[in-house]
Amino acid sequence: MERALLNTAILQDFLLDAQILLSESQECLQHLELISNDADACHCLSEALDTLARRAHASGVLEVAQYASALHRLLAPGCRSHNLPQGALPALADCLTLLDWQLELVDARTGHLNLDSSEQHLLLVTLAGVLDQPLPLPCAPCDANERHCVH
C-alpha cells in the first residue's frame, strides 16, 4: 500500500512539473515566433522537452515520455545549427498543443494515457517533414525490448 501511495505522489509531482515545463516550452516557442532562430530560446525549448521526456519516463508516463523525446530529437539538430525553418514553428505549436492535451488526460492513478497515437504520429511526421529530419525511431535496445525510448 505504501508503494502505491509513493507512486501516486511521484505521478502527481510529475504532472505538476510537466505543466511548468510545458509552459516554459510554449514561452520559448513564442519567443522564437518573435525572434526566429534565437539560440537561447531554441536551447530552452529543446532542454525543456528533454527534461519533460526524462521526468515522464522516470515517473512511468511512457506515452508522454516517448512523444516529448521524439519532439526533442527532431528539434535538436535545428537548434544546434540555429536553423529552424519558419514553417517549423506552427507545426511545433500543434505538437505542444497535443502534448498539453495529453498531460491533462493522463490517468492520475496509473500514469497511462489511453489515446490513439495516430494524431501524435501525424504531427511528428509533419514536423519531421518541415525540419527535413527523419522521424525518430526507438534505439535498437529499446526497440528489441519493445520499450518506449527516451534516449
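Here, each number is a calculation from the coordinates, and none is a lab measurement. Worth saying up front: this structure is predicted, and the values here are computed from it rather than measured. With ideal geometry, Cβ positions are generated from the backbone for all residues, glycine too; neighbour counts draw on all protein chains shown.
Relative to the longest principal axis of the Cα atoms of the chain, the long axis of helix 62-80 makes an angle of roughly 20 degrees.
Charge dipole (Cα centre; +1 on Lys/Arg Cβ, -1 on Asp/Glu Cβ; no other charges) of the chain amounts to roughly 400 debye. Sorting the segments 119-131, 62-74 by their mean number of nearby beta carbons within 10 angstrom, highest to lowest, gives 62-74, 119-131. Relative to the longest principal axis of the Cα atoms of the chain, the long axis of helix 2-34 makes an angle of roughly 10 degrees. Our helix-only sum for the chain, with -39,500 (n - 2.57) per DSSP H run of n ≥ 4 divided by its residues, gives a mean residue ellipticity at 222 nm of -24500 deg cm²/dmol. Loop-located trypsin sites (Lys or Arg not before Pro) in the range 1-67 (DSSP state other than H, G, I, E, B) with a sparse environment of at most 14 neighbouring Cβ atoms within 10 Å are absent. Relative to the dominant Cα principal axis of the chain, helix 118-131 is inclined by about 30°.
Its relative contact order, with pairs defined as Cα atoms under 8 Å and 6+ residues apart, puts the range 1-106 at 30 percent.
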